[in-house]
Each structure stands twice: as structure tokens, then as C-alpha cells.
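**Q** What follows is a single structure, and I will ask about it in a moment.
The values are calculated or read from the model by the stated rules, or taken from the named source; none is laboratory data. What you see is a predicted model; the values in this text were computed from it and never measured. Backbone-built Cβ (ideal geometry, glycine too); neighbour counts: all protein chains shown. All accessible areas refer to the heavy atoms of the entire protein, side chains included, with ligands and DNA or RNA removed. Shrake-Rupley method; radii C 1.70, N 1.55, O 1.52, S 1.80 Å.
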Amino acid sequence: QVQLVESGGGLVQPGGSLRLSCAASRSISSINAMGWYRQAPGKQRELVATITSAGSTNYADSVKGRFTISRDNAKNTVYLQMNSLKPEDTAVYYCKTHYRLRDYWGQGTQVTVSS
């Protein structure tokens with residue numbers, strides 16, 4: 001099993017920055033893909049970014065150039081640096097991983113971009 005705990009969400013003005021963290025309950029060095037997803041009110045959950053154990057990354061078109069995903073295997077943590085935030089980035093952000101044939105999700109952290 002893997003437990004994921006997100007943190008770092010909050011209220012930020014348009015153009016601002018936040019860094020989300022996702023702490024795993026076990027070593028992530030052997031876990032390949034980890035990712036961030038988000039769900040806005042009334043919308044489906046969507047992929048934001050993923051990162052493999054080799055460091056390869058993938059981003060949704062809507063966040064390319066503004067968001068950066070990274071991982072620190074020594075701290076069992078995945079990060080999402082979010083810059084130039086827009087009101088449309090407002091959502092609950094979830095961390096996800098796939099381990100031993102199962103998907104694991106965190107409880108989510110709210111990000112609100114508003115003036």
C-alpha cells in the first residue's frame with residue numbers, strides 16, 4: 001500500500017505562485033510514474049503533470065511553461081511548482097501513483113486563484 005498526503009494549497013492572486021508537495025508513506029524510488037491531477041467544480045478530474053522514475057515529465061497543454069513537476073526520492077516526495085497562476089487553475093489538486101497494479105490517490109489540496 002501507499003498513502004499519499006498533499007500539502008501547500010491555498011489562496012493566491014492571479015500571477016502568483018504556489019508549490020504543492022505530495023509525501024508518500026513508502027519509498028518512491030521503485031515507483032515509476034507519479035503525477036498530479038486536478039478537479040474543478042463541475043468538471044472531470046484531469047491530468048496536470050506526470051514524472052517517471054527516470055525523470056521524464058509530461059504536462060497538460062494548459063500548464064506547459066508555467067508548472068514544473070519534480071521528485072525527491074530521498075524524501076519520498078513529489079512536488080508541483082505552479083507559477084503565473086490563473087483563475088482557471090482553481091481546483092482541488094490530487095497526487096496519484098500506480099503501485100503493484102493499483103492506483104493510489106491523496107486526499108487533495110485546494111488551490112484557489114482569485115483577486
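**Q** If I compute solvent accessible area with a 1.4 Å probe over the protein chains, what percent of it on the chain is carbon and sulfur? Walk me through the numbers on the way to the answer.
**A** Numbers: 2780 of 6120 Å².
Of the solvent-accessible surface of the chain, carbon and sulfur hold 45 percent.
**Q** By per-residue mean of other Cβ atoms within 10 Å, what is the highest-first order of 52-64, 31-43, 86-98?
**A** 86-98, 31-43, 52-64
**Q** Also, quick follow-up: Residues with amide H under 5 Å of G10's amide H, sequence separation 5 or more or different chain, H placed in the peptide plane at 1.01 Å from N; which?
**A** HN-HN under 5 Å from G10: V111, T112.
**Q** If you roll a 1.4 Å probe over the heavy atoms of the protein chains, what accessible area per residue do you get for the chain, in Å²? All intermediate terms of the calculation are to be shown ahead of the outcome.
**A** Working: 6120 Å² over 115 residues.
Per-residue accessible area for the chain comes out at 53 Å².
**Q** Could you list which residues have their amide H under 5 Å from that of R26, counting only those 5 or more apart in sequence or on another chain, with H placed in the peptide plane?
**A** Q3
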